[in-house]
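Novice: Structure below; questions to follow.
Only the coordinates and a few stated rules stand behind these numbers; no lab work does. These numbers come from a predicted model, not from an experiment. For neighbour counting, all protein chains shown are included, and Cβ atoms are generated from backbone atoms with ideal geometry for every residue, glycine included.
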Amino acid sequence: MSVGIIGAGAFGTALAVALAEKGPVTLRARSDQQAVEMADTRQNTRRLPGVELPGNIAVTSKLETVLTCRTLLFAVPTQRLRRFVIGLDLSDHTAVACCKGIEVTTGDGPTSILSEARHAAVLTGPSFADDIARGLPTALTLACADNTVAEALQTQLSTSKLRLYRTADVTGAELGGALKNVIAIGCGAVMGAGLGDSARAALLTRGFAEMQRVAVALGAQAETLMGLSGLGDLTLTCTSDKSRNYRLGLALGAGREFDAAVTVEGAGTARALRGVAARHGLDLPICATVADLVDDKVDVPGAMARLMARPLKEE
Ligand SMILES: NC(=O)C1=CN([C@@H]2O[C@H](COP(=O)(O)OP(=O)(O)OC[C@H]3O[C@@H](n4cnc5c(N)ncnc54)[C@H](O)[C@@H]3O)[C@@H](O)[C@H]2O)C=CC1
Ligand SMILES: O=C(CO)COP(=O)(O)O
């Protein structure tokens, strides 16, 4: 059964390359020009240069073509997901969200945005597109509330190099992936400002406490956050300068410019968390500080001073 992927960016292309091991893949690019270029060169030169697209990946710009696939992976930035979904009839489809974020305007996660689909699922966890595309071993979380569908997806989307673990905790899995990006911006800022490895470990750990607080308040199980989709991805993203979220933080910390065209999910998610915190009465000092940092409302020395001056408390 063919898999369809909507979004031919770095991650969509990498997933297409990995899944081509199992059978045909239809990859939907944003424009005719991009589709033709990728079909001709058998590469995604903009987002994943140097990786050859196997022959059984069909690249198209036509939505009706990709919609013939019953399993659809959505690999577009979270803030853009809704505009892809509006008007699509997904009542016969299993929609798998591969994006990691919370929508700023609504506070919704990707599976809420995909809720019109027959089934909605999440594929998330520690994985750089480049690693997956190069066939390096990777383990991810596949979350779906319906266990039969989850098992079918787990089989369909696992490959010899991509090992999927299953959970029914969709909220926990999608929040782990969304929230770790916010903490990664903070950790990057710490390192960019030269505040040291100890400060980063502190921010990562206290950031993880905030991730658990949000997730549990929104109905997730705390132990889901201990898995690949939470702690696993947090560790990767807060420690590798392959991460765009971490690199934005590095730039903020060092007072350098950062290319606004780069997809950085944590910025929007940090802003969305302001509303989530207000609605649920949550104290999220690190997430709030990262939101202020990306919105230029505080600089790194001010952010550090703010966090260090908080009342002393139990861990
Ligand atoms: N790159 C990575 O290593 C990983 C990315 N992800 C997630 O995958 C999602 C997508 O990220 P990437 O593929 O890396 O981003 P990207 O920037 O490489 O690609 C984004 C895709 O969305 C499309 N797009 C963007 N704006 C659009 C618009 N206005 N209209 C139509 N299409 C538009 C782009 O053409 C592209 O296909 C994000 O949520 C990210 O967190 C998850 C795991 C790993
Ligand atoms: O989600 C990712 C790794 O799991 C990719 O991280 P960035 O979006 O920060 O590059």
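Novice: Angle check, please: helix 170-192 long axis (alpha carbons) against the longest principal axis of the chain (alpha carbons), in degrees 0 to 90, nearest 10.
Specialist: Approximately 50 degrees, to the nearest ten.
Novice: Taking 25 Å as R0, compute the FRET efficiency from the Cβ-Cβ separation of Thr41 and Glu257 and round it to 0.05. Walk me through the numbers on the way to the answer.
Specialist: Numbers: r = 30 Å, r/R0 = 1.21.
E(calc), rounded to 0.05, equals 0.25.
Novice: Hey, what angle do you get for helix 147-157 against the long axis of the chain, alpha-carbon based, 0 to 90 degrees rounded to 10?
Specialist: The helix 147-157 is inclined about 70 degrees to the chain.
Novice: Under 4.7 Å Cβ to Cβ, no partner at all: give me those cysteines from the chain, in residue order.
Specialist: Lone cysteines by the Cβ rule: Cys69, Cys98, Cys99, Cys144, Cys287.
Novice: Give the percent of DSSP beta bridges with both residues in the chain that are antiparallel, rounded to the nearest 5.
Specialist: 15 percent
Novice: Ok, one more. Can you compute 3J(HN,Hα) from phi for each residue in the range 61-71, using the Karplus curve 6.51 cos²θ - 1.76 cosθ + 1.60 with θ = phi - 60°, rounded to whole Hz and x for Gly and Pro?
Specialist: Couplings: 9, 8, 4, 5, 6, 5, 6, 6, 7, 7, 9 Hz.
Novice: Here's another thing I want to ask about it. Could you work out the helix-only [θ] at 222 nm for the chain, with each DSSP H run of four or more residues adding -39,500 (n - 2.57) and the total divided by the number of residues, to the nearest 500 deg cm²/dmol? Spell out each step's value before the answer.
Specialist: Values: 14 runs with 149 residues, N = 315.
When only DSSP H runs of four or more count, the value is -14000 deg cm²/dmol.
Novice: A further question on this structure: When N counts the residues of the range 3-168, how does its alpha-carbon radius of gyration compare numerically with 2.2 N^0.38 Å, as a ratio?
Specialist: Numbers: Rg = 14.6 Å, N = 166, 2.2 N^0.38 = 15.3 Å.
Cα-based Rg divided by the globular estimate yields 0.95.
Novice: Would you kindly state how much longer the chain becomes between Lys313 and Leu63 on full extension, computed as 0.36 nm times their sequence separation minus their alpha carbon distance, in nm to one decimal? Intermediate values should be presented prior to the final figure.
Specialist: Numbers: separation 250, 0.36 × 250 = 90.00 nm, distance 5.29 nm.
Length difference between fully extended and current span is 84.7 nm.
Novice: If each residue's Cβ is checked for other Cβ atoms within 10 Å, how do Glu116, Glu314, Glu52, Glu210 rank with the fewest at the top? Numbers along the way, then the final one.
Specialist: On the way: Glu116 14, Glu314 3, Glu52 11, Glu210 21.
In order of increasing Cβ crowding within 10 Å: Glu314, Glu52, Glu116, Glu210.
Novice: While we're looking at this one, here's another question. Pairs of alpha-carbon atoms within less than 8 angstrom and 6+ residues apart define the contacts here; what relative contact order does the range 91-160 have, in percent?
Specialist: Details: 86 pairs, mean separation 18.3, N = 70.
This gives 26 percent for the range 91-160.
Novice: Given contacts defined as C-alpha pairs under 8 Å and at least six residues apart, what's the relative contact order of the range 3-168, whole-number percent?
Specialist: This gives 21 percent for the range 3-168.
Novice: What size of dipole, in debye to the nearest 20, comes out for the range 101-196 about its Cα centre when the only charges are +1 on Lys and Arg C-beta atoms and -1 on Asp and Glu C-beta atoms?
Specialist: On the way: 6 positive and 9 negative charges, 73 e Å.
Its charge dipole is roughly 360 debye.
Novice: Treating only the Cβ of Lys, Arg, Asp and Glu as charged (+1, +1, -1, -1), what charge dipole size does the range 1-128 show about its Cα centre? Round to the nearest 20 debye. Write out the running numbers ahead of the final one.
Specialist: Numbers: 13 positive and 11 negative charges, 36 e Å.
Magnitude of the dipole: close to 180 debye.
Novice: So, one more: Put a dot 7 Å past each Cα toward the Cβ at Glu223 and Thr155; how far apart are the dots in nm?
Specialist: About 2.6 nm, to one decimal.
Novice: At 0.36 nm per residue, and after removing the present C-alpha to C-alpha distance, how many nm does the segment from Ala278 to Glu21 gain when stretched out fully?
Specialist: Details: separation 257, 0.36 × 257 = 92.52 nm, distance 4.55 nm.
Here the segment from Ala278 to Glu21 would lengthen by 88.0 nm.
Novice: Which order, highest average first, do 299-305, 176-182, 17-23 follow once you tally other Cβ atoms within 10 Å for each residue and take the mean per peptide?
Specialist: The densest-packed peptide leads the list: 176-182, 17-23, 299-305.
Novice: Hey, can you grab everything whose amide H is under 5 Å from the amide H of Ile102? Only 5+ residues off in sequence or another chain; H modelled, so Pro and N-termini drop out.
Specialist: Thr269
Novice: Another question, then. At a threshold of 8 angstrom on Cα-Cα distance, excluding pairs fewer than six apart, so keeping six or more, what relative contact order does the chain reach in percent? Don't skip to the end; give the middle numbers.
Specialist: On the way: 650 pairs, mean separation 47.5, N = 315.
Computed value for the chain: 15 percent relative contact order.
Novice: Helix 285-294 versus the longest principal axis of the chain: what angle, 0 to 90°, nearest 10, using Cα atoms?
Specialist: On a 0 to 90 degree scale, this one is about 70.
Novice: Now for a different question. Can you give the log10 of the normalised intensity I(q)/I(0) at q = 0.15 Å⁻¹, computed with Debye over equal Cα scatterers of the chain?
Specialist: The Cα Debye sum returns log10 ratios of -1.17.
Novice: Kindly rank 79-86, 228-235, 107-114 from highest to lowest mean number of other beta carbons found within 10 Å of each residue. If you can, show how the numbers build up before the last one.
Specialist: On the way: 79-86: 15.9, 228-235: 24.2, 107-114: 22.8.
Ranking, from highest mean packing down: 228-235, 107-114, 79-86.
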